[in-house]
1. Past 28 Å, Cα to Cα, is the threshold; run K316/K401; K280/K483; K280/K401; K239/K483 against it and keep the listed order.
2. For region 124-149 and region 397-423, what is the centre-to-centre distance using only Cα atoms, to the nearest Å?
3. For a quick protection proxy, order the peptides 232-239, 216-223 by their average other-Cβ count within 10 Å, most packed first.
4. What spacing in nm lies between the two simple spin-label points modelled at E309 and E259, each 7 Å away from Cα in the Cβ direction?
5. In which sequence would S45, S99 go, from the one with the fewest C-beta neighbours within 10 Å to the one with the most?
6. I need K157, K116 ordered by Cβ neighbour count within 10 Å, fewest first.
7. For a quick protection proxy, order the peptides 382-394, 430-442 by their average other-Cβ count within 10 Å, most packed first.
8. Take L131, L37, L241 and order them by how many other Cβ atoms sit within 10 Å, fewest up front.
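Just so you know, all these numbers are worked out from the coordinates, no wet-lab data involved. No experiment lies behind these values; they were computed from the predicted model shown. Cβ placement follows ideal geometry from the backbone for every residue including glycine, while neighbour counts extend to all protein chains displayed.
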Amino acid sequence: MTTKFFTNSNWKKRFFPSSLVSRMLLLTLLSIVIAQLISTSIWYSFSKEQEQDGLRITAENMAQNIASTATFFNSLPLQYRHIVLEQLRDFGGSRYFVSLNEMEINIDAVPDTEMKRIVIDEFQRVLRNKLGNQLTIKMEFSHPETLHVLNNDMLLKNLPKSWAHYSLTLEPLNPPILVIQLMIAPDEWLYIAALLPAPYVSLEDNLVSNEQLFFIFLVTANLMWMIYILVRWQTAPLKQLANAATTLSQDFDQPLLPEKGASELVIATRAFNRMHLRIKRYVDDRERLFRSISHDLKTPITRLRLRAELLNDEQKTDKFNTDLDHLEIMVKVALQFVKDTDIHENNESINLFSLLTEIIDFHNATTTAVTIEQLSTNTIFKGKPLAIRRCLTNLIDNGVKYGGKVHITLEQTEEYMFITLSDSGQGIPEHMLEQVFTPYTRLAQDSEGSGLGLSIARNIANAHGGTLTLHNQHNAGLKVVVKLPNQLSAMGKL
């Protein structure tokens with residue numbers, strides 16, 4: 001069940017960043033993308049509508065001129081039409097390339113686009129209105145390199161440059177050429193080829209150019225970099241605060257955090273430093289109090305024992321000594337509780353498997369009372385060695401004493417180390433699973449023990465940022481789960 005939980009957690013982390021910096025960058029990137037999409041779509045729809053209106057007006061004016069040209073040639077006598085064409089070519093042509101052909105010339109059409117349909121529809125409307133519906137009109141766009149002129153065998157590039165080069169080529173763009181063929185008489189086709197005027201020379205939708213996309217990318221990358229620097233700079237004190245909070249329970253003597261950064265971080269750091277000092281003073285005062293109590297009680301207890309020996313009544317003497325024994329045990333147990341939970345050690349790397357093996361060797365000296373199973377290859381944990389040993393020793397001793405046999409499993413995940421102890425005893429009543437952690441609470445009827453083992457073990461686990469819980473097993477026995485965080489990995493993932 002534990003493995004499944006962390007598998008789901010890893011799946012979420014894979015698709016959703018965990019650090020504040022990455023989440024801020026992701027949120028900023030999403031905001032920029034959404035804002036760019038909204039603004040670009042609004043601008044694109046508005047600009048496209050304007051461009052299409054401008055293209056219709058341009059096509060209408062151009063169609064008016066071509067209709068006038070067709071009317072002019074149609075009004076000329078047959079013998080003068082070719083003379084006018086030759087004069088136009090000798091003078092370097094005109095805005096259009098015009099020829100008279102005996103047949104319709106095949107045109108290799110360019111692919112259909114919305115811009116192309118707008119131009120052709122507008123030309124059809126104007127030419128029909130000006131020239132009448134009886135006239136045969138053919139219109140199409142062609143690429144310059146495949147444009148046929150004069151006949152189906154002649155290409156534009158084969159003509160003399162003075163004829164059509166200056167009116168139909170626009171290097172290096174080479175935009176498509178509009179070709180209009182009108183049958184003005186039987187076996188006589190008026191051929192007119194022209195380029196659309198700027199800015200409509202191309203039929204492609206270039207409202208969002210590559211240069212604009214590169215500019216958007218450059219601005220976004222620059223903004224993301226600046227936000228990354230800002231967030232890293234502002235979260236550095238926050239990371240220090242998190243690391244200090246993680247290690248506070250293990251090291252009360254660590255230095256106070258510097259109060260720097262944003263005003264909110266300064267307030268949080270100042271509050272943490274105050275809490276640190278209060279906790280340290282409380283722990284120091286508690287230790288001094290119990291040590292003074294221990295010292296002060298030794299003398300009156302010894303004095304009372306001497307006075308009890310002077311009594312003539314042996315029964316009263318025994319009763320006095322019994323009460324004094326109980327009082328002395330209570331003092332020693334209280335001091336032991338303070339000593340075992342007050343951890344003054346440095347953090348070290350602990351091989352938990354080796355440590356558990358050392359502890360259970362004592363119980364397995366005569367018979368196999370404790371077994372251990374290692375579910376992970378890495379069992380290194382950073383913590384207080386003596387404190388962790390006391391915690392595990394108390395749990396194993398209780399398991400062997402009250403459960404007979406104990407089976408230990410050791411498993412490490414990405415964030416936690418799990419130590420599970422399962423015995424074969426009778427378990428604990430459900431309503432007592434939490435109460436047994438209260439100091440001096442005992443369920444066994446024997447005179448051995450003080451009722452502090454579980455309380456000390458839980459305090460040590462809590463001091464390392466972990467937990468200790470009890471669970472009754474379905475078959476029989478009690479299961480103890482110690483959950484310790486991998487502090488180094490947890491600190492590094494802020």
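1. Check vs 28 Å cut-off fails for K316/K401; K280/K401.
2. Cα centres, region 124-149 to region 397-423: 90 Å.
3. 232-239, 216-223
4. Using points 7 Å along Cα→Cβ, the separation is 6.0 nm.
5. Ordered from fewest to most neighbouring Cβ atoms within 10 Å, S45, S99 come out as S45, S99.
6. With the sparsest Cβ surroundings first, the list reads K157, K116.
7. Highest-to-lowest ranking by the protection proxy: 382-394, 430-442.
8. Lowest count first: L37, L131, L241.
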